[in-house]
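Values in this text are rule-based calculations from the coordinates and carry no lab data. None of these values were measured; they are calculated from a predicted model. Quick reminder, even Gly has a Cβ in these numbers, built from the backbone with ideal geometry, and neighbours come from all protein chains shown.
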Amino acid sequence: MDETFDLIQALREEWDAVGGSSPYRAALSRWQSVEPALAGFDRPADIVAWCRTHPAPGDANPPVGALLRVAADPIAARTLLQVILPGLTVRIGRAAAKEARCRRTRGALEEITQEVISAAWEQIAMLSGSSPAWPACAVIEGAWRRVRYQREKGRACQRRLWPLETVRGGDGAGQTRTLAEELTLCLVAAVRGGQLRPGQAGVVYTTRVLGLSPRELIGRCGPDERAVRARRARAERALTA
């Protein structure tokens, strides 16, 4: 099954290219000045390799926790994502096996993969600067709870983006507004009402209203373009539900 995880494979290939690069080495030097647990590593790639060669989960807690505390740095967040990728892959595999009872399609697996990776990126951002006792578990399980919640409510079971035109109001005043204006008002109302988090509304507003592409939000809203699109899709489904 592993070969069908296109996004995971893309992340692995990207990591092979950047994990030991000069910008990543420089970032590690910055982190080491405030996180002693990262001392002794020459490259972020070395942190990932070290964590994966220590079978006892507790052994990895110090460097993983250090990465989470500095995860406001997108390079640290990307490094942490790579560390927990095997755990996320296990979660994706379990979800895909359950999904196979309903849909035997490659699209379903790709959808689950995108949702879990996107949720993990959001969870890293949310926990950045904190020190949970088991940092990897906090990110993986938190991400999975996000995805499971959406799926249990049926919002993530649709394979297409719901048309944003469905949020347009039917009152006379609404007909005089542009779609961008109406969408902005809906996003504000959804955040105030608790249907969307500010970050979810932000990715929809930035791409749909301001016109930035998902590619331009890489690092801010997701590790790559597909993850940004998946995050936007989840927010749009929540908005139109």
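Tabulated data
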quantity: Listed peptides 17-30, 72-85 by packing density, highest first (mean Cβ within 10 Å); calculated: 72-85, 17-30
quantity: Sorted by Cβ neighbour density within 10 Å, fewest at the top, the residues Glu13, Glu225, Glu236; calculated: Glu13, Glu225, Glu236
quantity: Nearest-20 debye value, segment 2-157 charge dipole, Cβ charges on Lys, Arg, Asp, Glu; calculated: 660
quantity: Estimated distance in nm for a label pair at Glu141 and Ala56, the labels positioned 7 Å out from Cα along Cα-to-Cβ; calculated: 2.1
quantity: Least to most buried among Thr113, Thr240 (fewest other Cβ within 10 Å first); calculated: Thr240, Thr113
quantity: Ser33, Ser118, Ser128 arranged by Cβ crowding within 10 Å, fewest neighbours leading; calculated: Ser33, Ser128, Ser118
quantity: Segment Leu179-Arg192, length gained on full extension (0.36 nm per residue, minus Cα span); calculated: 2.7 nm
quantity: Segment 2-157: relative contact order in percent, alpha carbon pairs under 8 Å with at least 6 residues between; calculated: 25
